[in-house]
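Data first, discussion second: the structure below is written as structure tokens.
The values are calculated or read from the model by the stated rules, or taken from the named source; none is laboratory data. These figures come from a predicted structure and were not determined experimentally. Note that we place each Cβ from the backbone using ideal geometry, even for glycine, and neighbour counts take in every protein chain shown.
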Amino acid sequence: METYKKLGEDTHSMEPIRYLQEVNEWWRTGAVAPVFLQPNRRDEFDELIDLLDKERITAIIGPRRVGKTTLMYQLIDYLLQSGIRKENILFISMDDPLITMVVDPLKIMMDEYLEKIIKKPVRNIERLYIVIDEMHFLKDWNLWLKRYYDLKYNIKFIVSSSSATHLLKFSKESLVGRITEVKIMPLNFKEFIKLKGSSDLLKPYATRDLCHVGVDDLFFELTQFQNEIVLYFNEYLVAGGYPEYFKENDIRMWQDTLLSDVIEKTVYRDIAVLYQIKNPQYLEKILMYIAQNNCQPVSFNKIAQALSISTGTIINLIYYLESTYLIGSLPLYSKNVKKQIKSNRKFFIIDSGLRNSLLRIRDITDENIGLLVESVIDSNLMATKESRRLPEIRNISYFRDKQKHEVDVILEMNGRTVPIEVKYQNHIYDHDLKNLLHFMDVHDLVFGVVITKNLFEQRGNILCIPAWMFLLIFSNQTAD
């Protein structure tokens, strides 16, 4: 306690209990302040609700500003609405400047909470819900959680982190069998439309199977809202999938927000501090290189040469950028694991809004649209795989052989291999199908997909489908 009192001179002498009462205002009001809630809920909300009754620690993992804290407040609101005693819900943010100044903050806050709010022996309490935001900023957080978990107190811990590597590394070391991860990524296109308040547009695409879309039978039904959905899709391509976009009307201000709140804080605070990076400006250089060469197969050596940074450093920094969800990558499609590991990867910025903010792109042009759409397809597929919404997605990769046959995406799902080529245009010619047909012939496949602008038709065993429709159908699929 002396540690906190000593720091009190710089924090307006706020004692721990006063701090907790201020942050957990529902102890006084019985409700979460509306400013912390959003009217719409992410798809992961129901999964988090199902985990509330489980003993395991729930870890919400995802990039900065993607809505993890909002989800936590929505869970608290749900608990209050369900009749849970208001004092039995504790929220702490390890990212709070007041908390970061305290030695052993979790111990101090828990001791104060149990002594002055719960006021019962910990073995005799009703179930407590301890919600801790940005847990990775707490030193030895995994050991603290393990201690409380192993004591078998009637406590449900819900924690969040913006660093998958940091959280998963330490959870695997000391929390094996004690933690369940739920990954939250930027909004996919379906969620973007939902948050725009147009859920009614999504009904025709629910429960459709991408591999069994009857164009002739479903053409009118699946294209009836095309004009409105295309407008949303163009907006999504420019703005991206970070939920706070819906509070901002000016694209310039939104891009400034993304640069300062997502990229700069992730690079200079999360990565630089967590991994003790000496030259965090290298991370920005890599981000800019990937933004400029979006979805192009490239080697670590080539990036190193272009940026005059050692290959070893490049490998480490890209690993950190992927672990904090600023970038994603696709490996080469190969049955040979060693070949796949050694081959070039296709890197992309995880969110189109982030890429556009880096490059200061505010309008869609024919010059930049193709690779932008491809990166949105890649990021939506990867987000679905990461979140385990479709547990049967085994792998997402790209294909290129020595004869330079290339296919943009190879999706392995439900025991099937589906090659996908992105041709964001309204006319598909025979030469546009050449590489796709070659891959299908070599691997004895009977179904392929060409993603177009608005063309929706069947070409033999190839489905030509608009990008917006592909994303809506895919995000509604369930595993067979």
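Numerical summary
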read-out	value
Pair list, Cβ under 7 Å, 6 or more apart: segment 377-388 residue at pLDDT 90 or above, other residue among the acidic types (Asp, Glu)	Ser379/Asp351
Lone unmet requirement of (1) buried (at least 17 other Cβ atoms within 10 Å of the Cβ); (2) at pLDDT below 95 for Trp468	(2)
Qualifying positions in segment 191-230 - within 24 Å of the chain's Cα centre (by Cα) and small (Gly, Ala, Ser)	Gly197, Ser198, Ser199, Ala206
Residues (surrounded by fewer than 19 Cβ atoms within 10 Å (Cβ to Cβ), not aliphatic (A, V, I, L, M) and not in a helix (DSSP H, G or I)) located in segment 130-161	Lys139, Asp140, Lys152, Tyr153, Asn154
Per-region count, segment 82-101, residues of a type in the set (Ser, Thr, Tyr) and part of a helix (DSSP H, G or I)	1
Any hit, segment 70-81, residues being farther than 29 Å from Asp261 by Cα and free of Cβ contacts under 8 Å to residues at least 12 places away in the same chain	yes
Criterion (in contact with a Pro (Cβ under 6 Å, 6 or more places away or on another chain) and either surrounded by 17 or more Cβ atoms within 10 Å (Cβ to Cβ) or under 20 Å from Arg65 (Cα atoms) (or both)) met by exactly one of Tyr268, Tyr320	Tyr268
Segment 241-265 residues that are modelled with pLDDT of 90 or more, paired with ones that are exposed (fewer than 15 other Cβ atoms within 10 Å of the Cβ) and part of a loop (DSSP other than H, G, I, E, B) (beta carbon under 6 Å, 6 or more apart)	Ile251/Arg362
Helices (runs of 4 or more DSSP H) contained entirely in segment 278-333, each with at least 1 residues that are among the aromatic types (Phe, Trp, Tyr) and free of Cβ contacts under 8 Å to residues at least 40 places away in the same chain	281-292, 300-307
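Matching residues to (1) modelled with pLDDT of 90 or more; (2) not in a loop (DSSP other than H, G, I, E, B):
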| position | (1), (2) |
| --- | --- |
| Gly8 | no, yes |
| His12 | no, no |
| Ile17 | no, yes |
| Asn40 | no, no |
| Leu71 | yes, yes |
| Gln74 | yes, yes |
| Leu80 | yes, yes |
